[in-house]
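Notes for the one structure printed next.
The values are calculated or read from the model by the stated rules, or taken from the named source; none is laboratory data. Values in this document were obtained by computation on a predicted structure and should not be read as measured data. Cβ placement follows ideal geometry from the backbone for every residue including glycine, while neighbour counts extend to all protein chains displayed. Protein only, heavy atoms only, side chains kept; ligands, DNA and RNA dropped before computing areas. Shrake-Rupley method; radii C 1.70, N 1.55, O 1.52, S 1.80 Å.
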Amino acid sequence: MIKVLIPYALRSFTDRSAEVEVEGKTAGEALNALAGIYPDIKTHLFADNGQLSSAPQLRDFINLFIDGKNINTLQGLDTPVSENGEIMIIPAIAGGKDGFRTYQ
């Protein structure tokens, strides 16, 4: 089983689970399995570009790491995952106020 680590910001879609075990041979298969268990998480992981495609794409602000390596530097969602591998979902965090504020 592959362990998928769920960031706090997405745990409301996994019944508050910090990690979920799924089956799959690639990162994409594992995420699809996760979405099969928790369908509401799918729209937060995958881009909806309005096109029918058998190859979903991750949203721009979602990063995946397999055993500590960013899949963007590997084979993307086709990156193989070992049977006891670990996938970490890392959403980009942004926000704040425009401009800089100095504190004195």
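See the values below:
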| read-out | value |
| --- | --- |
| Prolate/oblate/rounded call for the range 3-50, Cα gyration tensor, a/c under 1.5 rounded | oblate |
| Estimated FRET transfer efficiency (residue 8, residue 72; beta-carbon r; R0 30 Å; 0.05) | 0.85 |
| Heavy-atom accessible area order for 26, 14, 73, largest first, 1.4 Å probe | 73, 26, 14 |
| Tensor-based shape of the range 1-85 (alpha-carbon gyration tensor, a/c under 1.5 rounded, otherwise prolate or oblate) | rounded |
| Per-peptide average of other Cβ atoms within 10 Å, ordering 29-35, 86-92 highest first | 29-35, 86-92 |
| Net charge over other residues, Cβ less than 10 angstrom from the Cβ of residue 82 (K, R count +1; D, E count -1) | -2 |
| Exposure of residue 3 as accessible area (Å², to 10), given a probe of 1.4 Å and all protein chains | 70 Å² |
| Area of residue 74 that stays accessible when all protein chains are in place (1.4 Å probe, Å², to 10) | 80 Å² |
| Label point distance in nm, residue 25-residue 86, each placed 7 Å from Cα along Cα→Cβ | 2.5 nm |
| Net charge of Cβ neighbours under 13 Å - reference residue 32; Lys, Arg +1; Asp, Glu -1 | -1 |
